[in-house]
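Below: the structure, in structure tokens.
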Amino acid sequence: MSVEENLTHADGSRVTVLSSVSPLEDNEGRAFGTLGIFHDVTDLKRAQAHATGLAQLIRESPSEIYIFDAESFGIVEANMGVCDNLGYTRNELLTMTPMDFSEGIDEYELRNTLNEAIDNDTLKCCFNAYHARRDGTSYPVQIDAHWAAFENKWVYVAFVKDLTEHQALQRQLTQAQKLESMGHMAAGIAHEINTPMQCVSGNVEFLMSSYDRLFKLTDHLVNLARDPQLRPDERAEQVERILEESRYHRIQENTPDAIRDASVAVQRVIEIVRAMKSMAHPGHKDCAEMDINDLLEKASVITRNRWKYVAELELDLDTNLPSVQGFPAELSQVFTNILVNAADAIAESVNRGDTGTIRAITRCTGGQVQISVQDTGCGMDEQTTHRVFDQFFTTKDVGKGTGLGLALSYDIVHNKHHGHIDVRSEVGVGTTFLITLPIRQPESKRPTPPADTGSLTTTAADAVFPLQTS
């Protein structure tokens with residue numbers, strides 16, 4: 001018989017042993033002693049306690065952790081976090097597959113994603129999805145899955161993170177950065193509005209003065225017409241005198257120009273206000289049809305006071321560019337950020353009085369819309385280029401940049417629009433931002449998984465938009 005017991009060494013340390021005691025007998029069956037065998041199982045007991053504690057931590061974790069069969073995709077284990085978040089019991093979950101509560105993902109797509117990770121020898125993958133609760137509500141999640149052996153079979157272990165709060169904070173951060181950008185440009189925008197309003201004010205003042213003169217002129221002409229004592233030649237002479245005194249010919253000549261100039265100035269103000277409104281609006285949750293050319297033109301209006309003193313802005317826009325599905329307010333923010341950065345880069349590189357060039361190009365190729373924004377600014381070295389999309393990274397002076405603009409732009413293009421944004425730069429030559437957007441968004445609600453913002457790729461856009469070198 002084996003017995004587990006605790007023993008104490010001479011030095012006071014305690015060990016756990018498994019003891020087995022049996023009698024020793026002579027040839028005649030008489031007992032003459034006892035044989036004791038002791039196995040030190042201290043390490044085994046510690047490992048068992050560690051495994052038990054770890055299993056309990058995993059089982060009670062509020063994060064969703066589940067294991068599903070690599071072949072059938074049937075769930076073989078799920079912790080309390082899965083049960084609490086989805087609203088199913090553990091026994092119910094053991095009869096389900098991940099596709100039963102993952103919106104927008106079918107078995108073929110999921111199997112391809114997981115198999116690709118195996119083929120690449122990474123044995124793990126990360127992607128985003130929406131999980132549907134038993135009550136019909138859904139929530140965004142990030143899934144980290146890896147291949148492993150469990151109970152003598154191959155399985156996938158999935159760690160699921162609820163992104164609801166993360167996405168809410170991200171929306172708030174995006175809106176805050178958008179309003180911060182508007183704040184930085186407020187003085188310039190006020191100047192842009194003030195200039196045409198001064199034009200309106202001056203022309204309205206002229207028209208009011210002309211209005212008074214014309215009514216006085218009308219009164220004089222009516223009196224002349226009613227005077228029966230005046231001969232025709234006297235009446236004509238007095239009409240000419242009154243017209244001269246009232247400066248009628250000047251009013252006749254300048255009034256159309258005043259009205260036209262005031263109208264143009266008012267349209268300029270309307271254009272600025274509309275552009276501001278389109279950028280400051282928090283946007284909608286659902287995709288909408290976007291006119292990329294219009295968004296670029298509005299971004300150029302908003303940022304005009306930032307670039308007009310240091311650069312010439314050239315818009316080379318494809319007039320046959322198709323509309324794109326996406327989020328207009330967010331994409332307007334991307335274009336604004338890039339144009340402001342281009343203007344700032346040129347301001348650092350040109351001498352006072354000189355100007356650089358910002359060139360925005362749009363093209364359609366292969367079911368995608370490509371946007372290139374090139375500048376002849378100071379450019380960036382390779383180390384800086386690889387960090388431009390990192391959060392809180394900025395090369396600007398304190399108070400002039402938060403390091404959030406391009407990080408949020410990256411998120412908007414990659415995660416919200418399933419596109420790509422790349423940057424190429426050369427010190428002393430300039431910088432080119434390349435944005436590629438699909439014309440139609442995928443039917444699935446699943447957003448693109450976050451990518452490594454430190455890596456830059458060369459795309460087909462390189463052939464369409466070569467780096468500006470002059």
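Go through the residues of the stretch 181-194 one by one and say whether even a single one is over 30 Å from GLU71 (Cα atoms), within 53 Å of the chain's Cα centre (by Cα), hydroxyl-bearing (Ser, Thr, Tyr) and at pLDDT below 75.
Yes, because at least one residue in the stretch 181-194 is over 30 Å from GLU71 (Cα atoms), within 53 Å of the chain's Cα centre (by Cα), hydroxyl-bearing (Ser, Thr, Tyr) and at pLDDT below 75.
List the residue pairs whose Cβ atoms are under 6 Å apart, where the first residue sits in the stretch 63-75 and is of a type in the set (S, T, N, Q), the second is surrounded by 18 or more Cβ atoms within 10 Å (Cβ to Cβ), and the two are 6 or more positions apart or on different chains.
Every condition considered, the pairs that remain are SER63/GLY81.
Is there a residue in the stretch 307-315 that is closer than 30 Å to ASN351 by Cβ, in a helix (DSSP H, G or I) and assigned by TED's automatic domain parsing to the domain that holds VAL413?
Among the residues of the stretch 307-315, at least one is closer than 30 Å to ASN351 by Cβ, in a helix (DSSP H, G or I) and assigned by TED's automatic domain parsing to the domain that holds VAL413, which makes the answer yes.
Is there any pair linking a residue in the stretch 351-372 that is within 13 Å of ILE435 (Cα to Cα) to one that is at pLDDT 95 or above and small (Gly, Ala, Ser), with Cβ under 6 Å and at least six apart or on different chains, and which?
Listed pairs, sorted by first residue: ILE361/SER372.
How do the pairs read when you match residues in the stretch 101-130 that are within 29 Å of THR89 (Cα to Cα) with residues anywhere that are among the polar types (S, T, N, Q) and buried (at least 18 other Cβ atoms within 10 Å of the Cβ), using Cβ under 6 Å and keeping only pairs 6 or more apart or on different chains?
Going by the 6 Å Cβ cut-off, the qualifying pairs are ALA129/SER102.
Could you check the stretch 308-336 and list, in sequence order, the residues that are crowded, with 24+ Cβ neighbours inside 10 Å, more than 20 Å from GLN441 (Cα to Cα) and at pLDDT below 90?
THR336
Pick out the one residue from GLU297, GLU348 that is part of a helix (DSSP H, G or I), over 30 Å from GLN172 (Cβ atoms), free of Cβ contacts under 8 Å to residues at least 60 places away in the same chain and not small (Gly, Ala, Ser).
Numbers: GLU297 fails: over 30 Å from GLN172 (Cβ atoms).
None of the others qualify; the one that does is GLU348.
Does GLY53 satisfy the condition of being small (Gly, Ala, Ser) and touching an Asp or Glu at 6+ places or on another chain (Cβ under 9 Å)?
Judged against the criteria, GLY53 is not a match.
Need pairs with beta-carbon distance below 8 Å; first residue farther than 23 Å from ALA49 by Cβ and within the stretch 10-37, second assigned to a loop (DSSP other than H, G, I, E, B); sequence gap 6+ or separate chains.
Pairs found: VAL21/MET1; PHE32/ASP26.
Given the condition at pLDDT 85 or above, part of a strand (DSSP E or B) and assigned by TED's automatic domain parsing to the domain that holds LEU317, answer yes or no: does some residue in the stretch 438-461 qualify?
As a first pass, look at the stretch 438-461 and keep what is at pLDDT 85 or above: 438-439.
Filter again for part of a strand (DSSP E or B), leaving 438.
Applying the additional criterion that residues be assigned by TED's automatic domain parsing to the domain that holds LEU317 yields 438.
The answer is yes, given that some residue of the stretch 438-461 is at pLDDT 85 or above, part of a strand (DSSP E or B) and assigned by TED's automatic domain parsing to the domain that holds LEU317.
Could you please let me know if VAL334 is under 22 Å from GLY428 (Cβ atoms) and in the same structural domain as PHE433 (by TED's automatic domain parsing)? Break it down into steps so the answer makes sense when it comes.
Values: under 22 Å from GLY428 (Cβ atoms): no; in the same structural domain as PHE433 (by TED's automatic domain parsing): yes.
Answer is no for this residue.
Looking at the stretch 347-367, is at least one residue in contact with a Cys (Cβ under 7 Å, 6 or more places away or on another chain), at pLDDT below 90 and surrounded by fewer than 24 Cβ atoms within 10 Å (Cβ to Cβ)?
Yes.
Within the stretch 246-262, identify whether any single residue is at pLDDT 75 or above, more than 30 Å from GLU192 (Cα to Cα) and of a type in the set (A, V, I, L, M, F, W, C), and answer yes or no.
Checked against the condition, which is being at pLDDT 75 or above, more than 30 Å from GLU192 (Cα to Cα) and of a type in the set (A, V, I, L, M, F, W, C), the stretch 246-262 yields no hits at all.
Identify all residues within the stretch 34-65 that are exposed (fewer than 12 other Cβ atoms within 10 Å of the Cβ), of a type in the set (A, V, I, L, M) and over 30 Å from TYR139 (Cα atoms); write none if there are none.
Within the stretch 34-65, LEU35, ILE37, ALA47, ALA49, ALA51 qualify.
I'd like to check something: does the stretch 43-59 contain any residue that is outside any helix (DSSP H, G or I) and not polar (S, T, N, Q)?
no
Mind checking whether some residue in the stretch 102-109 is crowded, with 18+ Cβ neighbours inside 10 Å and either at pLDDT 90 or above or not small (Gly, Ala, Ser) (or both)?
Yes: one or more hits.
Using the structure shown, decide if LEU408 is of a type outside the set (Asp, Glu) and at pLDDT 90 or above.
For LEU408, the condition - of a type outside the set (Asp, Glu) and at pLDDT 90 or above - is not met.
The values are calculated or read from the model by the stated rules, or taken from the named source; none is laboratory data. Just so it is clear, the model here is predicted, and its values are computed rather than measured. Note that each Cβ is placed from the backbone with ideal geometry, even for glycine, and that neighbours are counted across all protein chains shown.
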